[in-house]
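Enquirer: Mind having a look at this structure? Questions to follow.
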Amino acid sequence: MAQLLGDLHFLISASDVKQLGVCYAEAAFVGRSNVGKSSLLNAVAQQKQLARVSKTPGRTRLINVFQTGSDRWIIDLPGYGFASGPTDERASWQAMIEGYLTGRRSLRLVFVLIDAEVGPTKLDFQMIDWLRSMDLPYRAVATKTDRVKISKQLFQRKEVAAKLGLFPNDIAWVSSAKGTGIADFRREIAAVLEI
Ligand SMILES: Nc1nc2c(ncn2[C@@H]2O[C@H](COP(=O)(O)OP(=O)(O)OP(=O)(O)O)[C@@H](O)[C@H]2O)c(=O)[nH]1
Ligand SMILES: [Mg+2]
């Protein structure tokens with residue numbers, strides 16, 4: 001059997017949600033700039049360069065749509081909290097992200113990526129509060145878990161979850177670099193997209 005989500009491919013980039021067509025179901029990755037959204041997408045797809053990754057925060061600047069099957073989408077969004085760059089550009093990014101998140105009936109779940117080592121930041125809490133206020137379903141995903149010492153992993157997972165008012169198992173715990181948690185996460189996305 002082919003690898004689940006192994007056929008994931010780039011479909012379209014958009015600067016406005018209105019440019020997007022119809023799909024059956026979609027899930028989106030949001031999170032701070034540089035938290036590892038594009039890397040996670042690549043890990044899920046087992047393709048190194050499907051989504052562009054960079055050392056420079058702000059790599060992803062558009063709504064990037066990746067498709068699996070004929071009508072299931074995963075959306076890689078630009079990160080928030082990208083400090084440098086013109087203010088009006090930042091405002092238009094925010095409008096683009098919010099426009100996307102509120103403008104898609106087929107959006108099943110928003111994965112909110114949080115740095116496992118840093119824990120949720122003020123901007124992450126703002127995003128989660130906003131998603132709650134909009135009644136948008138979300139799931140927290142702790143990224144770059146390879147950066148947390150093995151001896152601290154359990155403690156840190158509890159800590160990150162507690163800060164979000166959750167139990168440790170309520171957050172996905174992944175490392176795109178080491179592959180930790182990726183198989184489970186892939187199954188989770190597939191379930192969300194009804195694959
Ligand atoms: N150690 C470690 N580094 C990672 C991991 N995932 C991503 N990175 C690194 O983190 C940096 C940012 O990764 P991206 O995937 O581009 O992050 P992003 O959230 O898409 O960033 P923007 O597009 O700017 O919002 C890159 O240098 C990655 O190599 C991980 O699991 N472990
Ligand atoms: Mg990116």
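Enquirer: Would it be correct to say that GLY21 is modelled with pLDDT of 95 or more and either within 11 Å of ligand 1 (Cβ to nearest atom) or not charged (D, E, K, R) (or both)?
Expert: The answer is yes for GLY21.
Enquirer: Can you name the number of the only condition in (1) of a type outside the set (A, V, I, L, M, F, W, C); (2) free of Cβ contacts under 8 Å to residues at least 60 places away in the same chain; (3) closer than 19 Å to LEU62 by Cβ that PRO137 fails?
Expert: If we test PRO137 against (1) of a type outside the set (A, V, I, L, M, F, W, C); (2) free of Cβ contacts under 8 Å to residues at least 60 places away in the same chain; (3) closer than 19 Å to LEU62 by Cβ, just (3) comes out false.
Enquirer: Could you check segment 169-180 and list, in sequence order, the residues that are more than 17 Å from PRO137 (Cβ to Cβ) and in contact (Cβ under 8 Å) with a residue 12 or more places away in the chain?
Expert: Correct list: TRP173, VAL174, SER175, SER176, ALA177, LYS178, GLY179, THR180.
Enquirer: Here's a follow-up. When segment 34-89 is examined, which residues are found to be among the hydroxyl-bearing types (Ser, Thr, Tyr) and either more than 7 Å from ligand 1 (Cβ to nearest atom) or modelled with pLDDT of 85 or more (or both)?
Expert: SER38, SER39, THR56, THR68, SER70, TYR80, SER84, THR87
Enquirer: On to the next question. Given the options ALA161, ALA191, ALA183, name the one that is free of Cβ contacts under 8 Å to residues at least 24 places away in the same chain, surrounded by 17 or more Cβ atoms within 10 Å (Cβ to Cβ) and assigned to a helix (DSSP H, G or I).
Expert: Being free of Cβ contacts under 8 Å to residues at least 24 places away in the same chain, surrounded by 17 or more Cβ atoms within 10 Å (Cβ to Cβ) and assigned to a helix (DSSP H, G or I) holds for just one of ALA161, ALA191, ALA183, which is ALA161.
Enquirer: Give the residue, chosen from TYR138, TYR100, that is hydroxyl-bearing (Ser, Thr, Tyr), surrounded by 13 or more Cβ atoms within 10 Å (Cβ to Cβ) and away from ligand 1 (no atom under 15 Å from the Cβ).
Expert: The conditions single out TYR138.
Enquirer: Still on this structure: How many of the residues making up segment 13-34 are of a type outside the set (Ser, Thr, Tyr), in contact with a helix residue (DSSP H, G or I) (Cβ under 9 Å, 6 or more places away or on another chain) and within 16 Å of ligand 2 (Cβ to nearest atom)?
Expert: Adding up the residues that qualify gives 7.
The values are calculated or read from the model by the stated rules, or taken from the named source; none is laboratory data. Predicted, not measured: the structure shown is a model, and the values here were computed from it. Here Cβ is always computed from backbone atoms with ideal geometry, including for glycine, and neighbour counts include all displayed protein chains.
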